[in-house]
Amino acid sequence: MATLEIRDLHVSVGDGSDGAKEILRGVDLTVKAGEIHAIMGPNGSGKSTLAYAVAGHPKYEITSGSVTLDGEDVLEMSVDERARAGLFLAMQYPVEVPGVSVSNFLRSAVTAVRGEAPKLREFTKEMKRAMDDLSIDPAFAQRSLNEGFSGGEKKRHEILQLELLRPKVAVLDETDSGLDVDALKVVSEGINRFSGGETGVLLITHYTRILRYVQPDFVHVFAGGRIVAAGGPELAEELENEGYEKYVKAGVSA
Ligand code: ADP
Ligand code: MG
Ligand code: MG
């Protein structure tokens, strides 16, 4: 069974001028196939840094700790190797690429992950089926990648990638900026389709609203660059009612 293990991860980020600043201060987390984990925390607590570090973004320096997928050292892998190993990191592809259609992009992504190009006809069928399942307008496949995508369209595209790539573990960073209800539902439906299946999901979010649609198996509270509390779905409810205040204090003093 696929397992992503993050052990005592410390990550610094520096802009080069005034030295590196430690953002992650010892993160421990295990995500297994079929589990949904929510990481929730206030703005600036380091949630996106965790996602970027696992994705292999060059700006984020791992100063200690480990990340493994089924025992393989993820931190030694290139970004492409991470994808081939079965990691899906949503923010890997945030760029607008005029002239590259969604369909072409998806076929290259599938080719990169599977190690060989799927036959065009079969891929087109597979893509259409996935789009149909996700209620995505067929015309979407011909749009230029990310160009003028609404929040909802970006999310649909993300979930479409998940559906086609079938990763072992997906890390989804729900940016704190306003996802509309439509987008939230798309993400949620997508995630729910994977729960109980072969994919483990790490859902990073600031707001509790998405958890009205997705039932996580585990909720982790993130503050001051580490996990300061963990529990089940009831923890998300507590956060919705009481906010992060008491955890922020714990994170600072820890
Ligand atoms: P969150 O996603 O929880 O809002 P982030 O991981 O985005 O938190 O940011 C955590 C802290 O790290 C913040 O203080 C932020 O300013 C800093 N930080 C994150 N990325 C960078 C970067 N590329 N350069 C400089 N500082 C950064
Ligand atoms: Mg932020
Ligand atoms: Mg963030």
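The figures follow:
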| item | result |
| --- | --- |
| Residue pairs, from the table Lys32/Lys246; Lys32/Lys168; Lys21/Lys246; Lys32/Lys128; Lys59/Lys249, whose Cα atoms sit over 18 Å apart | Lys32/Lys246; Lys21/Lys246; Lys32/Lys128; Lys59/Lys249 |
| Spread of Cα-to-Cα distances over 10 Å intervals beginning at zero, given as percent, for the chain | 7, 30, 37, 21, 5, 0 |
| Evaluated at q = 0.09, 0.14, 0.20 Å⁻¹: base-10 log I(q)/I(0), Debye formula over Cα of the range 1-122 | -0.31, -0.71, -1.20 |
| Charge dipole magnitude, Cβ of K and R +1, D and E -1 - the chain, Cα centre, debye nearest 20 | 520 debye |
| Largest-first principal axis extents, alpha carbons of the range 116-254, Å | 57, 31, 23 |
| Modelled FRET efficiency - R0 51 Å, Arg84 with Glu242, Cβ distances, 0.05 increments | 0.75 |
| Structure-based [θ]222 nm, the chain - -39500 (n - 2.57) summed over DSSP H runs of at least 4, per residue, nearest 500 | -11000 deg cm²/dmol |
| Rounded to 5, percent antiparallel among DSSP beta bridges of the chain | 60 percent |
| Normalised contact order of the chain, rounded percent, pairs of Cα under 8 Å and 6 or more residues apart | 28 percent |
| Descending principal axes extents, the range 100-195, alpha-carbon based, whole Å | 38, 28, 20 |
| Angle in degrees between helix 233-242 and the longest Cα principal axis of the chain, rounded to the nearest 10 | 60 degrees |
| Using distinct alpha-carbon pairs, which all enter the 1/r mean, Kirkwood radius of the range 193-240 in Å | 11.6 Å |
| Two-site label geometry, Leu120 and Glu76: point separation in nm, points 7 Å out along Cα→Cβ | 4.0 nm |
| Approximate shape of the range 1-40 as ellipsoid semi-axes (Cα gyration tensor, √5λ), whole Å, largest first | 29, 10, 8 |
| Angle in degrees between helix 151-165 and the longest Cα principal axis of the chain, rounded to the nearest 10 | 80 degrees |
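Read-outs throughout are calculated quantities, based only on the coordinates presented, and are distinct from any laboratory measurement. No experiment lies behind these values; they were computed from the predicted model shown. Methodologically, a virtual Cβ is constructed for each residue, glycine included, from the backbone with ideal geometry; neighbour enumeration extends over all protein chains shown.
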